[in-house]
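A single structure is presented below for examination.
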Amino acid sequence: LRLSAYLPFTPSVRERLIQLAPQGNVYDVAAKWEGEWPAPAQYTVKGRFENLGIRAFGAIPAFSGVSGNVDGNEKGGSFNLNSRNAVLELPRVFREALAFDTLTAQSGWSNRGGQTELKLSNVSFSNAHLAGNVYGSYRTVAEGPGIIDLTGSLTRAEARFAGRYIPLVVSSPTRDWLDRAILLGASQDVRLRLKGNLADFPFSDGSRGIFQVTAKASGGTLYYAEGWPNIENIAVDLAFRGNRMEIIANQATIYGAKLAKVRAVVPDLMHHDEIVEVEGEAQGPSADFLKFIETSPVEGYIDHFTEGMRVGGQGSLKLKLHIPLRRINDTKVAGAYQFINNQLQS
């Protein structure tokens, strides 16, 4: 900002700079332009920058701690990033600022017909929660948020922080449920695909674009509903496809019982009355299923019928839960239990 005092900017440009409040250091800068900012007829700029940052202004997001170099003109150019402790704020997209311990990128842009296309050839990032990379392109349009074609992957991700990185277009109750539900879990295989006009995001019917996030996680713990025992030791597949979220547990346990075919689904992430549907099957000692009953709302549903009961042997359980996230008290439960060669004492 202090540097602008030595440059021939108009009062309106100086006012814009005050609003942006740029900070950081620049080196080896060479710039030339014809016409007035912010839309000169021609310009060239080349230089390095360290710990660059600005405040948010209009559609321009706030960021800080960005380092790299740039070489461009009115037709296009390239920039490279090599940043540490960078922060990017996208309050219209994510509920929290995105902070990165490292952020590197090789990218370029071009301007044609009044529109700008940004190409990301290699963007890598890492923080305490995740590490990965993305590549692709973004193009502005005359009206609307623009057109994107992005592919990415994570080689490290902590599942319990997933809610922080879910876009705000997904309803608050669903994101809050993810915050509460995923207690543990780690993944080394997360894949992202995003393609289409962002005005149609999240591409619910799949015909106008693609929004897909898939992950394989292990060592997970799921707290799916208040008052119900956790599902533990989960090996899980997590998927967001369009407006649908699905969690499928390939293996898991509740107490000593082994679970199979466990599925937690939010059929419509955009619906104003979000529903989580949980269903699964379990096999194990009947004594563990009695413990499940005693530590869940089922005990109240059956009027404490199993209280004081002792049982030996094995059994199998099928259970379904229908959980309205905005109306937890309206949760519905359906299930059946089969005793297999048991000895029962009451």
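Just so you know, all these numbers are worked out from the coordinates, no wet-lab data involved. Quick caveat: nothing in here was measured; it's all calculated off a predicted structure. When we count neighbours, we look across all protein chains shown, and the Cβ atoms used for this are built from the backbone with ideal geometry, even at glycine.
Counting pairs of alpha carbon atoms under 8 Å apart in space and at least six apart in sequence, what relative contact order in percent does region 126-197 give? Don't jump to the answer; show the numbers that get you there.
On the way: 117 pairs, mean separation 26.8, N = 72.
Relative contact order comes out at 37 percent.
Compute the semi-axes of the equivalent ellipsoid of region 16-145, taking the square root of 5 times each eigenvalue of the Cα gyration tensor, and list them largest first in whole Å. Write out the running numbers ahead of the final one.
Numbers: eigenvalues 114, 63, 53 Å².
Working through the eigenvalues yields semi-axes of 24, 18, 16 Å.
What FRET efficiency, computed as 1/(1 + (r/R0)^6) with R0 = 51 Å and r the Cβ-Cβ distance, is obtained for LYS32 and GLU226, rounded to the nearest 0.05?
0.20
Show the residues, 5+ positions off or on another chain, whose built amide H is closer than 5 Å to the amide H of VAL170.
Residues meeting the criterion, in which the H sits 1.01 Å from N, do not exist here.
Residues with amide H under 5 Å of ASN250's amide H, sequence separation 5 or more or different chain, H placed in the peptide plane at 1.01 Å from N; which?
Amide H neighbours of ASN250: ALA235, VAL236, ASP237.
Next question. Cα atoms only: what Rg and Dmax, in Å, come out for region 203-254?
13.6, 41
Quick one: which of 14-27, 82-95 comes out on top by average Cβ neighbours within 10 Å, and what's the full order, highest first?
Per-residue Cβ counts within 10 Å, averaged per peptide and sorted highest first, yield 82-95, 14-27.
Cα atoms only, region 214-341: Rg and Dmax in Å?
Values for region 214-341 (Cα only, Rg and Dmax): 15.2, 48 Å.
Quick one: net charge of ALA199's neighbours, Cβ under 12 Å, K/R +1, D/E -1?
Neighbour charge sum, excluding ALA199 itself: -1.
Still on this structure: Using θ = phi - 60° and the Karplus form 6.51 cos²θ - 1.76 cosθ + 1.60, what ³J(HN,Hα) does each residue of region 142-159 get, whole Hz, x for Gly and Pro?
4, 9, x, x, x, 10, 10, 9, 10, 10, x, 8, 10, 9, 8, 8, 8, 4
What number comes out for the charge environment of ILE293, summing +1 per Lys or Arg and -1 per Asp or Glu over other residues with Cβ under 11 Å away?
Around ILE293, the charge tally is -3.
Report the relative contact order of region 59-206, percent, no decimals, based on alpha-carbon pairs under 8 angstrom and at least 6 residues apart.
That works out to 16 percent.
Among the lysines, which fall within straight-line cross-link reach of LYS261, defined as a Cα-Cα distance under 25 Å, with same-chain neighbours fewer than 8 residues apart omitted?
Correct list for LYS261: LYS216, LYS291, LYS318, LYS320, LYS332.
Can you give me the pair-distance distribution of region 264-329, C-alpha pairs, 5 Å bins, whole percents?
Calculated over all Cα pairs of region 264-329, the distribution is 4, 15, 19, 21, 15, 11, 9, 5, 2, 0 percent.
Can you list residues whose amide H is under 5 Å from THR116's amide H, if they're 5+ apart or on another chain and H is modeled 1.01 Å from N?
THR140
Give me the net charge of GLN188's neighbourhood, meaning all other residues with Cβ under 10 Å from the Cβ of GLN188; Lys, Arg count +1, Asp, Glu -1.
That works out to +1.
To continue, here is another question. On the first, second and third principal axes, largest extent first, how far apart are the outermost C-alpha atoms of region 87-135 in Å?
That works out to 41, 24, 13 Å along the principal axes.
Also: What per residue convex hull volume, in Å³, comes out for region 130-201 when only alpha-carbon positions are used?
Dividing the Cα hull volume of region 130-201 by its residue count gives 83 Å³.
Mean residue ellipticity at 222 nm from the helices of the chain, using -39,500 (n - 2.57) per DSSP H segment of n ≥ 4 over the full residue count, to the nearest 500 deg cm²/dmol?
Working: 4 runs with 33 residues, N = 346.
So the calculated ellipticity at 222 nm is -2500 deg cm²/dmol.
(1) 22.0, 71; (2) 26.5, 92; (3) 25.0, 75: which one is Rg and Dmax of the Cα atoms in Å as calculated from this entry?
Label (2) holds the value from this structure.
Ordered by residue, what ³J(HN,Hα) values in Hz, to whole numbers, does region 244-256 give under the Karplus form 6.51 cos²θ - 1.76 cosθ + 1.60, where θ = phi - 60° and Gly and Pro are x?
10, 10, 9, 10, 10, 9, 6, 7, 5, 9, 10, 6, x
Can you give me the three principal axis dimensions of region 98-256 from its C-alpha atoms, in Å, biggest first?
64, 33, 23
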